[in-house]
Amino acid sequence: MFPELKKGDRGIAVVILQAWLSGAGFIKDGFVADGQYGDRTALAVQELRDYYDIDIRDGQFDRQVIERIKKSHPNSGVMTIDFDLFADFLPK
């Protein structure tokens, strides 16, 4: 199961996403990964979607985002994190 992360989610999978977004330059200004998918994380995900020309405006980070990035930018490095490993940490 691949985690579908959205605003309001919390936990280690969100920390991993935030760390990746920060490392990729989509979260700036001293943001510390806190494990809470709030406004700032949602904005960073939307900036990621805009950067990769993914025209979906739901603010979620899910398999569809990863697959679209992999297809359009196969050397982007976006798959350096295996989010499937963190599915157990998501709320059921």
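The values are calculated or read from the model by the stated rules, or taken from the named source; none is laboratory data. Computed from a prediction, not measured in an experiment: that's the story for all the values here. Using ideal geometry, Cβ is built from the backbone for each residue, glycine included, and neighbour counts are taken over all protein chains shown.
Here are the numbers for the structure shown:
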| read-out | value |
| --- | --- |
| 1 or more residues surrounded by 13 or more Cβ atoms within 10 Å (Cβ to Cβ), touching a strand residue (DSSP E or B) at 6+ places or on another chain (Cβ under 9 Å) and modelled with pLDDT of 85 or more: qualifying helices (runs of 4 or more DSSP H) within the stretch 8-92 | 12-23, 39-51 |
| Search result, residues across the stretch 42-58 that are of a type in the set (D, E, K, R) and under 10 Å from the mean Cα position of the chain (by Cα) | Arg49 |
| The stretch 16-34, residues that are among the small types (Gly, Ala, Ser) and touching a Ser or Thr at 6+ places or on another chain (Cβ under 7 Å) | Ala33 |
